[in-house]
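Data first, discussion second: the structure below is written as C-alpha cells.
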There are 2 protein chains.
Amino acid sequence: MPDSMAEMVEEPVGGDASTSLYQRILNDIRDRIVSGEWEPGYRIPFEHELTAEYGCSRMTVNKALSQLAKSGLIERRRRSGSFVRRPQSQAAVLEIHDIRIEVEALGLPYRYELMAQTKRRATTVDRERLGPGPSVAGQVLALQCLHYAGVRPFCVEDRLISLAAVPEAADQEFLKSAPGPWLIGQVPWSAAEHVIRAAAADGETAADLGLASGAPCLIIERRTWSAERPVTHVRFTYPANAHAVVARFTPSDS
Amino acid sequence: MPDSMAEMVEEPVGGDASTSLYQRILNDIRDRIVSGEWEPGYRIPFEHELTAEYGCSRMTVNKALSQLAKSGLIERRRRSGSFVRRPQSQAAVLEIHDIRIEVEALGLPYRYELMAQTKRRATTVDRERLGPGPSVAGQVLALQCLHYAGVRPFCVEDRLISLAAVPEAADQEFLKSAPGPWLIGQVPWSAAEHVIRAAAADGETAADLGLASGAPCLIIERRTWSAERPVTHVRFTYPANAHAVVARFTPSDS
DNA sequence: ACTGTGATTATGTATATACATATCAGAAAG
DNA sequence: CTTTCTGATATGTATATACATAATCACAGT
C-alpha cells in the first residue's frame, strides 16, 4: 500500500462529527447495500481494507460489521470475507398502541367502560385461550370492556387474566381504567403473540359496537407470557372501518 | 469487596464453553430482567462491578451492555449507570410469508392465475397508491391475480409496479408465476409499509373469491421502497376465515 | 489422481489502555 | 440563597495487541 494513506489518517474522509466512526462506517456500508450498489452475494471489503480506507483500527471496523451481521444485512464467513445477504426474512415491525392513544390520535375524546368482570376457576377453554405454559391452573379473571371514541363505541375488549401470574389483579376493579395499561405496569412480559384476522361480528359484539350483525370486523388477539408463564389473553374487536394495523420495515440498526 | 474474588477470576461462574463471555453476560442480565428479578427502574450493576463479578475486562462487559441498550431492554446514562427500562415499545415482529408457502403449509396444492395485466401511464390514483417518493411519474404495470388453495380461491392480488423503479418488469409476463417472488429477487427493497384491515368484499372481489357480496375480508396492503423510491403497491384480499396474520415479540438479541 | 496435512487468512473474542463526554455532587463565589 | 465552577464518575469510543477458530489453499506423500 502506497504512502498516500497518510492523508486518510488525518481526516477520515467525509467526516461527520455528530456520529461515531463505527456508526459512519456502518451507515456507509448499509447505504451501499440498500441502494443496490452492492448486490446480494457481493463480497464487501475485508476488515483490513476498510481499516486502511477509514484510517482506523480493525476493532472499529469489526464493531460496524458485526452489527451489520447481527441485523442480518450481511453474512460473515471466516477466511472468506463478508457478503451481502439477499433480503430474505420479510419481517416488519408492528407497533401495538394503547387504545387511549389511538383514540386521542383521532382527535376524539376517549372513554372506557367496564361491562362485566368475573372471577372463576380456569376452564379448559380458558386454558386454551391463555396458551401453552406451566401453572395455568387456578383462578382467572374474565373481563369485557368497551372503549369509546367520542360517543361511538370504538372497540370491544374481551380479556382473560391468569391470577396465578398476576395475583394482584384479583383485588383490582377495572371500573375507571382499562386493564391493559395497568397490566403493562404490573407484569414484565417477556413474549407476546398477536393474531390479526377479519370476521363477521356475532350478535352480541355487533350490538355492543352498534353494528348490524354480520358486519365485518378486525380482530386482534394478543397472548402475553412472562417468563414462559401465560399472563393474559385479550381480543380486541374493531368495526372494519374504524381501525387498521400498520407495520413497517426498514433495515435500520442505528 | 473481599478477596474471595480470586476464585471468580479463574472460572467465570457457571461457564458455558459454547458461548462467548459477552454473550453469557448478556444472557444473564436479560434473563434477570425478563424474569422480573430486576424490575423496570432497577439500576443494574456498574460496568466495573460486572468486570469484577465476571473477572473480565470492561470492554467485554461494555459490549454486552451496549447491545442490551440497543435492543431497548436497558437505558444507559452517563455518570448514573444503566437502568432496566419498562417494556414500553410494544413492537412485534410480523413475518410476511410468500403466498405459495402459506398455501402449501395448509397442505393444499397451490395454483396461480393471472387475471389482467395493464401497462399505462401513472395516473394520480396510481401515484397515491405507490406512496410518496421521487420519480413516480412514468409508466406503471397494473396486475390482477388470483391465488388458489386447491380448487378454491385463496386470495386476490391487486398490484401496481412502478416501471421507473423496475424497468425489467415491462417485458415480463406474469402468466405462470406471481409477481411477488419475482420482484423480491429483482429489487433490493429497503423499506416496506404494511396496512392490515378488515372490509366488506366489493362485488368484483367477492365474485373472484366466490363469496357473497359484503362478506368480511382481511386486506393486507404493502408498499415497498427501494432507496426512497416507490417500487410497488400490492393489496391482498383474503376471505375472513381463510387467513390470519401472526406477529410475535420476544426481547431476543441473540 | 487422491488424500491428508500444514500454512495461510479473515473473522471472533478478549485485554489493557486512553481519552472524550455527559452529568451529578459539592465547593466556591456572588 | 442562588449561581457558577470544579472535580469525580460512569459510560462512549477508539487503539494496539493477542490468541482462538474456521475455512481454504498449496503442497507433499502415498
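The values are calculated or read from the model by the stated rules, or taken from the named source; none is laboratory data. This structure is a prediction, so every number in the text was calculated from the model and none was measured. Because the Cβ atoms are built from the backbone with ideal geometry, glycine has one as well, and the counts that use them run over all protein chains shown. Quick note on the areas: whole protein, heavy atoms, side chains included, nothing else; ligands and nucleic acids left out. Shrake-Rupley method; radii C 1.70, N 1.55, O 1.52, S 1.80 Å.
Annotations for the structure displayed:
- For the condition within 10 Å of chain B (Cβ to nearest Cβ) and open to solvent by less than 20 Å² (accessible area, probe 1.4 Å), A:Ala244 does not qualify.
- A Cβ distance below 6 Å, combined with a sequence gap of six or more or placement on separate chains, defines the contacts here; from the stretch B:51-80, residues that are open to solvent by 40 Å² or more (accessible area, probe 1.4 Å) reach residues that are part of a loop (DSSP other than H, G, I, E, B) and not hydrophobic (A, V, I, L, M, F, W, C) in the pairs B:Ser71/B:Asp253; B:Glu75/B:Arg85.
- Any hit, the stretch A:58-76, residues being within 11 Å of DNA strand D (Cβ to nearest atom), in contact with a strand residue (DSSP E or B) (Cβ under 7 Å, 6 or more places away or on another chain) and more than 14 Å from chain B (Cβ to nearest Cβ): yes
- Considering each residue of the stretch A:91-98 in turn, none proves to be open to solvent by 40 Å² or more (accessible area, probe 1.4 Å), within 12 Å of chain B (Cβ to nearest Cβ) and assigned to a helix (DSSP H, G or I).
- A:Ile33 meets the conditions (1) farther than 24 Å from B:Thr224 by Cα; (2) in contact (Cβ under 8 Å) with a residue 40 or more places away in the chain; (3) within 14 Å of chain B (Cβ to nearest Cβ) in every case but one. The failed one is (1).
- When the residues of the stretch A:36-50 are filtered to those that are in contact with a helix residue (DSSP H, G or I) (Cβ under 6 Å, 6 or more places away or on another chain) and either of a type in the set (D, E, K, R) or touching a residue at least 40 places away in the same chain (Cβ under 8 Å) (or both), the one that is nearest to the other protein chains (Cβ to nearest Cβ) is A:Trp38.
- Within the stretch B:104-120, not a single residue is among the hydrophobic types (A, V, I, L, M, F, W, C), under 25 Å from the mean Cα position of the chain (by Cα), more than 14 Å from chain A (Cβ to nearest Cβ) and crowded, with 16+ Cβ neighbours inside 10 Å.
- First in the stretch B:94-105 and without any contact (Cβ under 8 Å) to a residue 12 or more places away in the chain, second anywhere and surrounded by 13 or more Cβ atoms within 10 Å (Cβ to Cβ), Cβ under 7 Å, 6 or more apart: B:Glu104/B:Tyr110
- B:Ile101 being away from DNA strand D (no atom under 11 Å from the Cβ) and surrounded by fewer than 18 Cβ atoms within 10 Å (Cβ to Cβ): yes
- For the stretch B:25-50, the candidate set comprises residues that are among the acidic types (Asp, Glu) and either in contact with a strand residue (DSSP E or B) (Cβ under 6 Å, 6 or more places away or on another chain) or open to solvent by 30 Å² or more (accessible area, probe 1.4 Å) (or both); within that set, the residue that is nearest to DNA strand C (Cβ to nearest atom) is B:Asp28.
- The stretch B:199-208, subset among the acidic types (Asp, Glu) and in a helix (DSSP H, G or I), residue surrounded by the most Cβ atoms within 10 Å (Cβ to Cβ): B:Asp208
- Among the residues making up the stretch A:183-198, those that are surrounded by fewer than 19 Cβ atoms within 10 Å (Cβ to Cβ) and either part of a loop (DSSP other than H, G, I, E, B) or facing another protein chain (nearest Cβ under 8 Å) (or both) are A:Ile184, A:Gly185, A:Glu193, A:Val195.
- Screening the stretch A:209-223 for residues that are in contact with a helix residue (DSSP H, G or I) (Cβ under 8 Å, 6 or more places away or on another chain) and assigned to a strand (DSSP E or B) and picking the one that is surrounded by the most Cβ atoms within 10 Å (Cβ to Cβ) gives A:Cys217.
- Of all residues making up the stretch B:20-30, the number that are within 14 Å of DNA strand D (Cβ to nearest atom) and away from chain A (no Cβ under 13 Å): 3
- Residues in the stretch A:45-76 that are outside any helix (DSSP H, G or I) and in contact with a Leu (Cβ under 7 Å, 6 or more places away or on another chain): A:Cys56, A:Ile74, A:Arg76.
- The stretch A:69-86, residues that are within 15 Å of A:Asn27 (Cα to Cα) and more than 10 Å from DNA strand C (Cβ to nearest atom): A:Ser71, A:Gly72, A:Leu73, A:Val84
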